[in-house]
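The following block contains the structure, expressed as structure tokens.
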Amino acid sequence: MLGKIARKLRILGFDTIYMLDTEDRKILDLLIQTKRILLTSDKELFYRAKKHNCHSIFINKNTEIENLVTIFSNLEIKFIDTKINCYRCSICNTKLKTVEDPNTIKNEVHQKVFENNAIFYRCYRCNKLYWSGSHIKNISLLIEKINKIL
Ligand SMILES: [Zn+2]
């Protein structure tokens with residue numbers, strides 16, 4: 001659940017680190033050093049972070065939409081732009097860059113995808129290509145629903 005949420009947050013432009021199987025101490029050190037916000041479903045870690053005055057959000061709802069609403073409400077975000085500009089790589093969190101000449105990536109995507117999209121983005125760290133495909137459209141629809149609740 002949190003991995004999926006992390007990927008969505010990155011697509012929405014939030015600088016998001018996803019740490020799996022990491023010692024609590026390491027996570028707490030990172031929080032204290034960087035003033036990042038902790039999203040966790042681990043109650044013990046949540047309270048430990050609070051004790052260190054770290055901004056922490058406890059994620060315990062059953063659905064992704066409820067958990068995203070919890071996060072945005074906690075951050076006092078009242079509106080998320082549904083026009084998603086592919087800011088960050090959903091895999092590695094690196095800021096994406098627009099591919100200046102789409103012809104250079106023509107052979108890397110299906111012909112239909114190439115024909116139906118004018119703008120492509122690339123992560124220059126892991127080389128993944130992004131475009132405003134059905135995945136992004138589904139996230140926009142999810143955000144529309146979330147905006148109605150916020
Ligand atoms: Zn990447």
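The values are calculated or read from the model by the stated rules, or taken from the named source; none is laboratory data. Computed from a predicted structure; not experimentally measured. Methodologically, a virtual Cβ is constructed for each residue, glycine included, from the backbone with ideal geometry; neighbour enumeration extends over all protein chains shown. The protein model used for the area step is the full one, side chains on, heavy atoms only, and it has no ligands, DNA or RNA in it. Shrake-Rupley method; radii C 1.70, N 1.55, O 1.52, S 1.80 Å.
If you check every pair at least six apart or on different chains, which have Cβ atoms under 7 Å apart with a residue in the range 125-145 that is among the small types (Gly, Ala, Ser) first and a residue that is away from the ligand (no atom under 16 Å from the Cβ) and assigned to a helix (DSSP H, G or I) second?
Within 7 Å, the pairs are 133/113.
Also, quick follow-up: Among what's in the range 76-94 and is in contact with a helix residue (DSSP H, G or I) (Cβ under 7 Å, 6 or more places away or on another chain) and more than 16 Å from the ligand (Cβ to nearest atom), pick the residue that is modelled with the lowest pLDDT. I'd like the intermediate steps shown before the answer.
Within the range 76-94, the subset in contact with a helix residue (DSSP H, G or I) (Cβ under 7 Å, 6 or more places away or on another chain) is 79-80, 82, 84, 86, 88-90, 93.
Still in the list and also more than 16 Å from the ligand (Cβ to nearest atom): 79-80, 82, 84.
Working: 79: 96, 80: 95, 82: 87, 84: 83.
For the range 76-94, the residue satisfying everything is 84.
I would also like to ask the following. Step by step: first the residues of the range 116-134, then only those that are away from the ligand (no atom under 15 Å from the Cβ) and in a loop (DSSP other than H, G, I, E, B), then the one that is surrounded by the most Cβ atoms within 10 Å (Cβ to Cβ). Which residue is that? Quick ask: steps written out before the conclusion?
To start, the set of residues in the range 116-134 that are away from the ligand (no atom under 15 Å from the Cβ) comprises 116-119, 132-134.
Filter once more, so that each one left must be in a loop (DSSP other than H, G, I, E, B): 117-119, 132-133.
Numbers: 117: 14, 118: 9, 119: 12, 132: 18, 133: 12.
So the residue we want is 132.
Filter the range 95-115 for residues that are open to solvent by 90 Å² or more (accessible area, probe 1.4 Å) and either at pLDDT below 95 or within 16 Å of the ligand (Cβ to nearest atom) (or both) and give the result. Break it down stepwise before answering.
Kept after step one, since they are open to solvent by 90 Å² or more (accessible area, probe 1.4 Å), are these residues of the range 95-115: 95, 97, 100, 103-104, 106-108, 110-112, 115.
Hits for the range 95-115 are 95, 97, 108.
Moving to a separate point now. State whether one or more residues within the range 23-41 are of a type in the set (A, V, I, L, M), surrounded by 13 or more Cβ atoms within 10 Å (Cβ to Cβ), out of contact with any Phe, Trp or Tyr (no Cβ under 9 Å at 6 or more places or on another chain) and part of a loop (DSSP other than H, G, I, E, B). Talk me through it step by step, then tell me what you get.
Within the range 23-41, the subset of a type in the set (A, V, I, L, M) is 27-28, 30-32, 37-39.
Subsequent filtering for residues that are surrounded by 13 or more Cβ atoms within 10 Å (Cβ to Cβ) retains 27-28, 30-32, 37-39.
Okay, now just the ones that are also out of contact with any Phe, Trp or Tyr (no Cβ under 9 Å at 6 or more places or on another chain), so 27-28, 30-32, 37.
Narrowing the set further to residues that are part of a loop (DSSP other than H, G, I, E, B) leaves 37.
Looking for residues that are of a type in the set (A, V, I, L, M), surrounded by 13 or more Cβ atoms within 10 Å (Cβ to Cβ), out of contact with any Phe, Trp or Tyr (no Cβ under 9 Å at 6 or more places or on another chain) and part of a loop (DSSP other than H, G, I, E, B), one finds at least one in the range 23-41, hence yes.
Check the range 135-149 and report whether any residue there is assigned to a loop (DSSP other than H, G, I, E, B) and either open to solvent by 20 Å² or more (accessible area, probe 1.4 Å) or basic (Lys, Arg) (or both). Let's see the steps before the verdict.
The initial filter retains those residues of the range 135-149 that are assigned to a loop (DSSP other than H, G, I, E, B), namely none.
No, every residue in the range 135-149 fails to be assigned to a loop (DSSP other than H, G, I, E, B) and either open to solvent by 20 Å² or more (accessible area, probe 1.4 Å) or basic (Lys, Arg) (or both).
Please go through the range 1-22 and give me each residue that is outside any helix (DSSP H, G or I) and either within 17 Å of residue 57 (Cβ to Cβ) or open to solvent by less than 100 Å² (accessible area, probe 1.4 Å) (or both), ordered by number. Reasoning before the result, please.
Start the filter on the range 1-22 by keeping residues that are outside any helix (DSSP H, G or I), which leaves 1, 12-22.
The answer is 1, 12, 13, 14, 15, 16, 17, 18, 19, 22.
Now a separate question. Condition check: part of a loop (DSSP other than H, G, I, E, B), over 22 Å from residue 128 (Cα atoms) and touching a residue at least 12 places away in the same chain (Cβ under 8 Å). Does residue 60 satisfy that? Let's see the steps before the verdict.
On the way: part of a loop (DSSP other than H, G, I, E, B): yes; over 22 Å from residue 128 (Cα atoms): yes; touching a residue at least 12 places away in the same chain (Cβ under 8 Å): yes.
For residue 60, the condition - part of a loop (DSSP other than H, G, I, E, B), over 22 Å from residue 128 (Cα atoms) and touching a residue at least 12 places away in the same chain (Cβ under 8 Å) - is met.
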